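K.L.:
Below is the structure I would like to discuss, written out as structure tokens.
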Amino acid sequence: MGVTREDVSSNSAILRVKVTPADYEKKVATAIEKTRKQAKIPGFRPGHVPAALVKKQYGKSILADELNKVVNDFLNSFITENKIEILGNPIPFEKEEVKGDFNNPADFEFAFEIGITPEFKIDSTLKETFNYVSVKVDDELINKQVDDLRRRYGKLVASEKIGDTDLVMAQFTELNDDNTVKEGGIVHSSTISMEFVEDKKAKKELTGKKVGDKVVVNPAHVSKGGKDTAALLGIKEEDLTTISDKFELSVTEIRHMELAELNQELFDKLFGEGEVKSEEELKERVKADLDKMFSNDSDRLLTRAVYDKLIADTKIDLPSDFLKRWIQLSNEKPISLEEIDAQFEGYEKGMKWQLIQGHIFKANDLKLNHTDAIEYTKQLLVNQYAQYGIPAPEDKELTASAIQVLGNKDESARVYDMLAETKLTEFFKSTVKLKNKEVSYDEFVEIASK
């Protein structure tokens, strides 16, 4: 046996694996004997099939399987012993066929291509200054949040006139261009929320109207377009292009949200019995909750900014041709090189970030262990309970639930990705230079949306 390496470029190489009969004969013989005992062939009792017959029928496939195992073992050992950091997995070298005769087995030679992780540096980027953008939690923002909480426990009451935030029940009737009712047109009753009507003209026309009043509107102007407009009229989205843009909106009912009173009953519903005892304490609690929520958002913005800078500044020479072939061979469903080319920029960016992230974790001894994952999952569960106003269970039950979540492959991957991002954020905050920048909520949303 022997594995030889031939460098093709700085980031790819060919590994040739030579296999002799001594490497595989005993393994093949053992596999044939095992197959002989299990084979069910007409005319022979189970376990009494002649070895020669098994070898004749299954010999080539058994030889191929055992050679595959031997070759993989040799490859893995060579890569480990020589400390080669590879990308993906070794793939058959497309320019060379297997050397050897399966009809008369003797020596075999297999050639594989590997992609090698390139060397790169990121130190200079981590010495730069980044804005740490935070939201100024002022009285206006606190009062708005208090109103939202009061609305959550408020009640809808009948209203005489349509206001800025009212719910309007109305009948929509399709019209012709001359505002006459279209024969066989759409007639449908729906509800619109004035709070979400963005068209200023439509909102102005509806404001102040009473039950029984009628207004000609474009349904798209009192909905969010697309699916929402179709749902408003009770039709399919693809049918929107076939209908009129003029509808008679007849007001049938107006409902106003009456905010819940600021009293102890509301405080207890929101935060638990006795946790908040006055309007002043309520606002202090709301401010603390907003500060915590926006702090998490600020962390995410910082991580994104450092990520973008690292991706832009870090030069990593990836073996593109190898990676494209590896993607094609490892993909569960058949995929053409043309399809891979169309998506490769995004894949290359993802691979680049994986290497940068791995480098940061390794260079700074950051680890993702199972204990951390359990504790992180427990906190996620606690937050989830809190969202629904439910007290978290005792630690033993919480731990069991976290272990169950991590037992799901997809959920576990999601949790570990989130945990990795959390550790990276902590690392960035302690490594890069931060320049605090306090902005209004609207400015923060605008920055975050870019």
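K.L.:
Evaluate the range 347-358: report whether one residue or more is basic (Lys, Arg) and surrounded by fewer than 16 Cβ atoms within 10 Å (Cβ to Cβ).
P.N.:
Initially, the range 347-358 is screened for residues basic (Lys, Arg), giving 349, 352.
From the residues that got through so far, the ones that are surrounded by fewer than 16 Cβ atoms within 10 Å (Cβ to Cβ) too are 349.
Yes, the conditions are met somewhere in the range 347-358.
K.L.:
Grab the strands (runs of 3 or more DSSP E) fully contained in the range 126-243, keeping just those with 1 or more residues being surrounded by 11 or more Cβ atoms within 10 Å (Cβ to Cβ) and without any contact (Cβ under 8 Å) to a residue 40 or more places away in the chain. Before you say what the answer is, go through the steps one by one.
P.N.:
On the way: elements: 129-135, 155-158, 167-174, 187-193, 214-217.
In the range 126-243, 187-193, 214-217 are the strands (runs of 3 or more DSSP E) which contain 1 or more residues that are surrounded by 11 or more Cβ atoms within 10 Å (Cβ to Cβ) and without any contact (Cβ under 8 Å) to a residue 40 or more places away in the chain.
K.L.:
Would you call Asn82 among the polar types (S, T, N, Q), closer than 30 Å to His359 by Cβ and out of contact with any helix residue (DSSP H, G or I) (no Cβ under 9 Å at 6 or more places or on another chain)?
P.N.:
Details: among the polar types (S, T, N, Q): yes; closer than 30 Å to His359 by Cβ: yes; out of contact with any helix residue (DSSP H, G or I) (no Cβ under 9 Å at 6 or more places or on another chain): yes.
Against the criterion (among the polar types (S, T, N, Q), closer than 30 Å to His359 by Cβ and out of contact with any helix residue (DSSP H, G or I) (no Cβ under 9 Å at 6 or more places or on another chain)), Asn82 qualifies.
K.L.:
Say whether the condition of being touching a strand residue (DSSP E or B) at 6+ places or on another chain (Cβ under 9 Å), of a type in the set (D, E, K, R) and over 30 Å from Pro21 (Cα atoms) is met by at least one residue in the range 114-130.
P.N.:
Scanning the range 114-130 turns up at least one residue that is touching a strand residue (DSSP E or B) at 6+ places or on another chain (Cβ under 9 Å), of a type in the set (D, E, K, R) and over 30 Å from Pro21 (Cα atoms).
Yes or no, residue by residue, for (1) closer than 22 Å to Ala386 by Cα; (2) part of a helix (DSSP H, G or I); (3) out of contact with any Gly (no Cβ under 9 Å at 6 or more places or on another chain):
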position: Leu290; (1), (2), (3): yes, yes, yes
position: Phe294; (1), (2), (3): yes, yes, yes
position: Val306; (1), (2), (3): no, yes, yes
position: Leu310; (1), (2), (3): no, yes, yes
position: Lys315; (1), (2), (3): no, no, yes
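K.L.:
Separate question: Would a scan of the range 272-284 turn up a residue that is closer than 30 Å to Leu87 by Cβ, touching a residue at least 60 places away in the same chain (Cβ under 8 Å) and not assigned by TED's automatic domain parsing to the domain that holds Glu85?
P.N.:
Step one: of the range 272-284, the residues closer than 30 Å to Leu87 by Cβ are none.
No, there is no match, as no residue in the range 272-284 is closer than 30 Å to Leu87 by Cβ, touching a residue at least 60 places away in the same chain (Cβ under 8 Å) and not assigned by TED's automatic domain parsing to the domain that holds Glu85.
K.L.:
What's the number of the only condition in (1) surrounded by 14 or more Cβ atoms within 10 Å (Cβ to Cβ); (2) over 30 Å from Pro319 (Cα atoms); (3) modelled with pLDDT under 90 that Glu96 fails to meet?
P.N.:
(2)
K.L.:
Count, please, the residues in the range 252-288 that happen to be exposed (fewer than 14 other Cβ atoms within 10 Å of the Cβ) and touching a Gly at 6+ places or on another chain (Cβ under 7 Å).
P.N.:
The total comes to 1.
K.L.:
Filter the range 390-441 down to the residues that are assigned to a helix (DSSP H, G or I), free of Cβ contacts under 8 Å to residues at least 60 places away in the same chain and of a type in the set (A, V, I, L, M, F, W, C) and list them by number.
P.N.:
Leu398, Ala400, Ala402, Ile403, Val405, Leu406, Ala413, Val415, Met418, Leu419
The values are calculated or read from the model by the stated rules, or taken from the named source; none is laboratory data. In this text, all values refer to a predicted model and were calculated from it rather than measured experimentally. Note that we place each Cβ from the backbone using ideal geometry, even for glycine, and neighbour counts take in every protein chain shown.
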